[in-house]
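Input: a single structure, listed below in structure tokens.
Laboratory data are not the source of any read-out in this text; all were calculated from the coordinates shown. Since the model is a prediction, treat every value here as computed from it, not as a measurement. With ideal geometry, Cβ positions are generated from the backbone for all residues, glycine too; neighbour counts draw on all protein chains shown.
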Amino acid sequence: MASIEIGGGTLVQPGWINLDSRNGQGEWARMAQQTPWPTGDNTVDAIRASHVMEHIPAGQERIDVMNEAHRVLKPGGVFEIIVPLLVGTWHAIADPTHISFWCKESFHYFDGLFAANADYGIRLWETLELEVVDGWEGHWKGTPR
């Protein structure tokens, strides 16, 4: 299998599978938090979620998406997330369809730098890149540990 674009709408790159409730094809026409995804363990080269993770509820549903991406990525595969961050601008909170807010530190619950005082079953990632672009947009790339 090639690569998965989560919530790509009509802007999916050629050769990528669109995991999208409105524009996905066949079994891929679903919300990302509807797991398991229709592929086996360690079968995907790359996953990209650009401006979609803020539309997935925080808590268990966010954890489920991160854990499912962890399951399907091949060793060395990369998950790229781009989200508006809660940092001094209106971008993250103005859109009425945003139901999950992110800050730069949100990613550290998935790479183990921060931890909750309970076991929520989070599968850990290695952060490859984490930067803030234009003062508000979070760009993260990670690979399963």
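For a quick check of your reading of the model, give me the residue pairs whose first member lies in the stretch 1-30 and is touching a residue at least 24 places away in the same chain (Cβ under 8 Å) and crowded, with 19+ Cβ neighbours inside 10 Å, whose second is part of a loop (DSSP other than H, G, I, E, B) and hydrophobic (A, V, I, L, M, F, W, C), with beta-carbon atoms closer than 7 Å and at least 6 apart or on different chains.
Glu5/Val12; Ile6/Ala32; Ile6/Val52; Gly7/Ala32; Gly7/Val52
Restricting to the stretch 71-106, and then to whatever is touching a residue at least 40 places away in the same chain (Cβ under 8 Å) and loosely packed, with under 13 Cβ neighbours inside 10 Å, can you tell me which residue is nearest to the chain's Cα centre (by Cα)?
Among those that are touching a residue at least 40 places away in the same chain (Cβ under 8 Å) and loosely packed, with under 13 Cβ neighbours inside 10 Å, it is Ile99.
Yes/no matrix, rows are residues, columns are (1) of a type outside the set (A, V, I, L, M); (2) under 20 Å from Asp20 (Cβ atoms):
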site	(1), (2)
Gly76	yes, no
Glu80	yes, yes
Val83	no, yes
Leu86	no, no
Ala92	no, no
Glu105	yes, no
Asp111	yes, no
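Determine, yes or no, whether Pro38 is in contact with a helix residue (DSSP H, G or I) (Cβ under 6 Å, 6 or more places away or on another chain) and crowded, with 18+ Cβ neighbours inside 10 Å.
no
Can you tell me which of Ala49, Ala58 is surrounded by fewer than 18 Cβ atoms within 10 Å (Cβ to Cβ), under 12 Å from the mean Cα position of the chain (by Cα), under 21 Å from His139 (Cα atoms) and of a type in the set (A, V, I, L, M)?
The match here is Ala58.
Just give me the residues in the stretch 97-145 being aromatic (Phe, Trp, Tyr), closer than 17 Å to Leu73 by Cα and either outside any helix (DSSP H, G or I) or in contact with a His (Cβ under 7 Å, 6 or more places away or on another chain) (or both), in sequence order.
Listed by number, the residues that qualify are Trp125, Trp140.
Within the stretch 41-53, track down each residue that is in contact with a helix residue (DSSP H, G or I) (Cβ under 9 Å, 6 or more places away or on another chain) and either part of a strand (DSSP E or B) or hydrophobic (A, V, I, L, M, F, W, C) (or both). Write out each step before concluding.
So in the stretch 41-53, the residues in contact with a helix residue (DSSP H, G or I) (Cβ under 9 Å, 6 or more places away or on another chain) come out as 41-44, 47, 49, 53.
Passing the criteria: Val44, Ile47, Ala49, Met53.
Of the residues in the stretch 134-145, how many are closer than 25 Å to Asp45 by Cα and either surrounded by fewer than 15 Cβ atoms within 10 Å (Cβ to Cβ) or out of contact with any Lys or Arg (no Cβ under 9 Å at 6 or more places or on another chain) (or both)?
So the count comes out to 6.
Mind checking which residues of the stretch 1-34 are within 21 Å of Gly77 (Cβ to Cβ), outside any loop (DSSP other than H, G, I, E, B) and not acidic (Asp, Glu)?
Ser3, Ile4, Ile6, Trp16, Ile17, Asn18, Leu19, Trp28
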